[in-house]
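Notes for the one structure printed next.
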Amino acid sequence: MTLTPDWQLLHSTAIAASKKAYAPYSNFPVGVAGLVNDGRIISGCNVENASYGLGLCAECSMTSELVMSGGGRLVAVLCVDAQGDYLAPCGRCRQLLFEHGGNELLLMTPDGPMKMSTILPWAFGPDDLDRK
Ligand code: THU
């Protein structure tokens, strides 16, 4: 199924998710929303911990929802900060997103949607494990 992302809907969904963030240590709430290839919209927020290094990024939370709600491939993702401005996913989260969307996944940036192959070039992924 080919889907055209509704970026406005992804933006409002990511903002709504950011309002649920548990970020008492950084005071830096993050929200993220994603379009799945079956049309589903999923979202996530960051969830921090008193043991600081254990905090979960919003993309981790969204990835869990992806799998728990039936899996599928990510088509488009949009991440925001507390102002609702587009936020760059951290390196670890780019890897998480790559696993479920691959090189064609679109990420919204201030310069417009960009492919994961641009955001995370020459990514390590499931295919590499097949080359044993
Ligand atoms: N954060 C995310 O949730 N996603 C990112 O891609 C970047 C950083 C969170 C982690 C932490 O709770 C807060 O932002 C400040 O780093």
Legend entry - Rough spin-label spacing in nm, given labels placed 7 Å along Cα→Cβ, for residue 130 and residue 67: 2.1
Inset, instruction - Show 115, 20, 132 ordered by accessible area, largest first, where the area counts protein heavy atoms only and the probe is 1.4 Å. - result: 132, 20, 115
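Taking the Cα centre of segment 7-129 as origin, work out the dipole magnitude from +1 charges on Lys and Arg Cβ and -1 charges on Asp and Glu Cβ, in debye rounded to 20. The partial results should precede the final answer.
Details: 7 positive and 11 negative charges, 43 e Å.
My answer is approximately 200 debye.
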Legend entry - residue 50 versus residue 19: modelled label distance in nm, points set 7 Å from Cα along the beta carbon direction: 2.9
Legend entry - Reduced Cα scattering model of the chain, Debye log10 I(q)/I(0), q = 0.13, 0.18, 0.19 Å⁻¹: -0.50, -0.94, -1.04
Inset, instruction - Round to the nearest 10 and give me the degree value, 0 to 90, for the angle of helix 7-18's Cα axis relative to the longest principal axis of the chain. - result: 40
Legend entry - Whole-angstrom gap from segment 83-100 to segment 1-74, using each part's C-alpha centre: 10
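The values are calculated or read from the model by the stated rules, or taken from the named source; none is laboratory data. Computed from a predicted structure; not experimentally measured. Reconstructed Cβ throughout: ideal geometry from the backbone, glycine too, with neighbour counts over all protein chains shown. Ligands, DNA and RNA are stripped out before the accessible areas are found, and what is left, the full protein with its side chains, is counted by its heavy atoms. Shrake-Rupley method; radii C 1.70, N 1.55, O 1.52, S 1.80 Å.
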